[in-house]
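Here's the structure we're looking at; comments come further down.
Bear in mind these aren't lab numbers, they're just calculated from the coordinates by the rules spelled out. Since this is a predicted model, take the numbers as computed values, not measurements. Cβ: placed from backbone, ideal geometry, glycine included. Neighbour counts: every protein chain shown.
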Amino acid sequence: MAGLFQYTAVISSGIIILIVGGLSVARGSMTLGQLLSFYVAFGLLGTYLQTIGGAVPLVIAGNQSLTTLFNILRAEDEAPYSGSTRIAFQGKVSLESVTFHYKDQPVLYDVSLTLRPGAIVAIVGPNGAGKSTIVNLILGFYRPQHGQLRADGHPYSELDLADLRRQMGVVMQDPIIFAGTILENVTYGDPDLSAERVAEAARMATAEEFIGGLPSGYETFVGEGGALLSGGQRQRIAIARALARRPRVLILDEPTNHLDRAAVRQVMANLREIDTLPATLIISHDMDVIGDADIVYRLQEGRIVSSDPAAPAAAIVR
């Protein structure tokens, strides 16, 4: 509508110029050349005016968008928790009657489970069942709408969650590997780790053999995102990085995504050699891996139940 108005105004003005100018030429107060020159100049000016007029709504809309963006950037991040208490975390994490949903999409209903030091827990369930949501709840990235989480009996709402997370080791199914050497990746976040600690972590992660076979060993450059390594090698380095910190809680998300069953079972056997085995959570569909757990939680339609891992695997996951 605004564009039509601008076009009509320009055309009308041009007609008026021709009428008034024609009368001036007839009276001798203006030459025909002067009239034509003025008309051409007005035509060019009218085109620019139309362009500028059409841009005004865009400028206004853009200004509104910039204002909205500026307000978003100025807004402080809303952290799920704001506690400040730090504890000598021992590794016990409990979800107590937790219900969680994303906006209007329910994911978990009345979920209760416990991770304990010295125990390996497995969670099984179909894709989209909420397994990753449970991991994010344990890490304190999400806060449930109902129920609560506790660490060593302390409500998450009272705790410094950043400090708590530093005492957890997480290995996702697509691990993050940084450009640099193997040593830099294993010691990422704690570059003062001793060589003995690094070697022990590599052994438990079954990474010692392949690292020892490389010409530069731990000083081998892995490329951006670990591009110079295989998927299994990246997974082993990520596990070694998590174990080198001696976490109180260890989370392995689909470890068989890049490692074969034998390697995963060897990692679990190595973990059990540790005097103070961290509370370990494994998310996996692999029955062989699940069979090594102390307890299995089956997640189905957002609800979780425990099952004896000594039972046949088919009974656990059916």
- [ ] Calculate how many DSSP beta bridges within segment 93-317 are antiparallel, expressed in % of all such bridges and rounded to the nearest 5.
- [x] 55
Task: Burial order of peptide ranges 211-218, 278-285 (average beta-carbon count within 10 Å, highest first) - done: 278-285, 211-218
Task: Residue order, fewest to most surrounding Cβ atoms within 10 angstrom, among Leu243, Leu36 - done: Leu36, Leu243
Open item on the list: Ranking request for peptides 122-131, 84-93, 246-255, 188-197: highest mean number of other beta-carbon atoms within 10 Å first, then the rest in descending order.
Closed with: 246-255, 122-131, 84-93, 188-197
Task: Shape call, segment 93-317: gyration tensor on alpha carbons, a/c limit 1.5 - done: prolate
Task: Dipole moment magnitude, nearest 20 debye, segment 76-158 about Cα centre, only Lys, Arg, Asp, Glu C-beta charged - done: 340
Task: Positive-end residue of Ser157, Gln173, Ala195, charge dipole of segment 93-317 with Cβ unit charges - done: Ser157
